[in-house]
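Report on the structure given below.
The values are calculated or read from the model by the stated rules, or taken from the named source; none is laboratory data. Note that this is a predicted model, so its numbers are computed, not measured. Cβ atoms come from the backbone with ideal geometry, glycine included; neighbour counts cover every protein chain shown.
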Amino acid sequence: MRAGPLRHRLTVQEPDVQILADGSQDVTFRDVLYKGSPLTVYGRVEPLRADEFIVAEQDVSRSFVRLTIRYVPGLLPTMQLVMENGRIFEITGLMNLDARNRQIQILATEKLPPYN
């Protein structure tokens, strides 16, 4: 895989679930650590499509993207990727291309703020 298209720096985050006193769950994300520092990878981000719809009388939009990164062992669909400009991508699917542990193609949904 050529390094040129991998121009976006992404930080891998994993969910951190806290059980509150009332029994509900509070889910936050924290950086995955590798050798004491946050795990960052470089990848290619390609937009696939965008949708807009109404939920509870609010306009909601979502954007689907495909990310390509070098192989990272232990990456899970419950994780998310954060670009250095603050864009957040929730992983919906992972594919180990050619099953050779060289590159991973990720299908993700971008977290977008609601319209006001």
Completion exercise
For region 72-116 the number of residues that are assigned to a strand (DSSP E or B), over 11 Å from the mean Cα position of the chain (by Cα) and among the aliphatic types (A, V, I, L, M) is 2
Practice task
Pick out the one residue from R44, R49 that is under 13 Å from F89 (Cα atoms) and either outside any loop (DSSP other than H, G, I, E, B) or out of contact with any Lys or Arg (no Cβ under 8 Å at 6 or more places or on another chain) (or both).
Solution key: R44
Handout entry: Sole exception among (1) closer than 22 Å to L112 by Cβ; (2) loosely packed, with under 10 Cβ neighbours inside 10 Å for A99, by number
Key = (1)
Practice task
Residue by residue through region 30-41, note down the ones that are within 19 Å of R70 (Cα to Cα) and not in a strand (DSSP E or B).
Solution key: V32, K35, L39
Exercise for the section: Consider only pairs whose beta carbons are under 9 Å apart and that are at least six residues apart or on different chains; among these, list those whose first residue lies in region 72-93 and is closer than 18 Å to L112 by Cα and whose second residue is part of a strand (DSSP E or B) and among the basic types (K, R). Expected result: Q80/K111; M83/R9; E84/R9; R87/K111; I88/K111; F89/K111; E90/K111
Problem - In region 73-95, the residues that are surrounded by fewer than 16 Cβ atoms within 10 Å (Cβ to Cβ) and under 22 Å from G4 (Cβ atoms) - result: E84, N85, M95
Completion exercise
Checking Q13, Q18, Q58 in turn, the sole residue that is within 16 Å of I106 (Cβ to Cβ), of a type in the set (S, T, N, Q) and either in contact with a Phe, Trp or Tyr (Cβ under 6 Å, 6 or more places away or on another chain) or modelled with pLDDT under 95 (or both) turns out to be Q13
Problem - Restricting region 21-55 to residues that are more than 17 Å from M83 (Cβ to Cβ) and in contact with a Leu (Cβ under 8 Å, 6 or more places away or on another chain), the residue that is modelled with the lowest pLDDT - result: D26
Exercise for the section: Answer yes or no as to whether V27 is surrounded by 11 or more Cβ atoms within 10 Å (Cβ to Cβ) and not in a loop (DSSP other than H, G, I, E, B). Expected result: no
